[in-house]
1. Kyte-Doolittle cut-off -1.0, length cut-off 20 Å along the helix's own axis using Cα: show which whole DSSP H helices in the chain pass.
2. Using only the alpha-carbon atoms of the chain, report the extent along each of the three principal axes, biggest first, to the nearest angstrom.
3. So how far apart, in nm, are the two label points at Ile36 and Ala210 if each is 7 Å from Cα heading toward Cβ?
4. Output the antiparallel fraction of DSSP beta bridges having both residues in the chain, as a percent to the nearest 5.
5. Can you give the FRET efficiency to the nearest 0.05 for Ala168 and Thr60, using r as the Cβ-Cβ distance and R₀ = 30 Å?
6. What distance in nm separates the simple spin-label points at Ala186 and Ala202, each placed 7 Å from Cα in the Cβ direction?
7. Which Rg and Dmax, in Å, describe the Cα atoms of the stretch 171-220?
8. Name the long-range amide H neighbours of Leu134: under 5 Å, sequence gap of 5 or more, or other chain; modelled H, no Pro or chain starts.
Amino acid sequence: MTNVGVILSGCGVYDGAEIHESVLSLLALDRAGAGIQCLAPNVEQLHVINHLTGEESGETRNVLVESARIARGDIMDLAEASAESLDALVIPGGFGAAKNLCDFAVAGADARPHPEVARLVGEFLEAKKPIAALCIAPALMAAIFREVGLAGEVTIGTDADTAAAISAMGARHVDCPVDEFRVDEANRVITTPVYMLAAGIAEAARGIDAAIAELLRLAD
């Protein structure tokens, strides 16, 4: 069985992991018979957004605790995880990937990854174990590539401003339609646009299903 770590960044598109992307990833992995270990950093969120109004609520929430909602409680502190016990890694998008796993949402091209996220992803890159980064999570990958001194290649679809920030971090951006993915063969990193382009959950699912299938093929 292929064992896959899924890094969550909270619960909700505006301040955590995108729920559709997370659940579709978990569904695709489970349907393929993969073992799944959900992971999240045990840190406070950057902020909490009221998803009904789009405004900050003034609350404080923990990324690991909120991510446990998506994982149905079966989740592990990312600090306790290592690439030794996992064969592949998935990072769903949502603003949490750009706010809680790194600071791209605030710092743009000067983004830095959370140290524990950078450590774990760096272990996968060093071991040449495949990683799938969805939606905005490729911006996190660009920050980690810079951190570990790699020249990576990713896609977030066709958004010019985000692509420019990724290029400014030293990664190469390639355009990609919503139902396809791109593979950085040298680093074994798969990226797909999902809700950077998707108009609905069915479109999001097509890109995720294709990316997860490629991830598991590479993990074999």
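The numbers here are math on the coordinates, done by the rules we state, and not lab data. In this text, all values refer to a predicted model and were calculated from it rather than measured experimentally. Using ideal geometry, Cβ is built from the backbone for each residue, glycine included, and neighbour counts are taken over all protein chains shown.
1. Span-like helices here: 201-219.
2. Largest first, the chain extends 44, 37, 34 Å along its Cα principal axes.
3. 2.2 nm
4. Working: 6 of 26 bridges.
Once the DSSP bridges in the chain are tallied, antiparallel ones form about 25 percent.
5. Numbers: r = 32 Å, r/R0 = 1.05.
With R0 = 30 Å, the Cβ-Cβ based efficiency is 0.40.
6. 4.0 nm
7. Both quantities, over Cα of the stretch 171-220: 11.0, 32 Å.
8. Amide H neighbours of Leu134, under 5 Å, 5+ apart: Ile91, Gly93.
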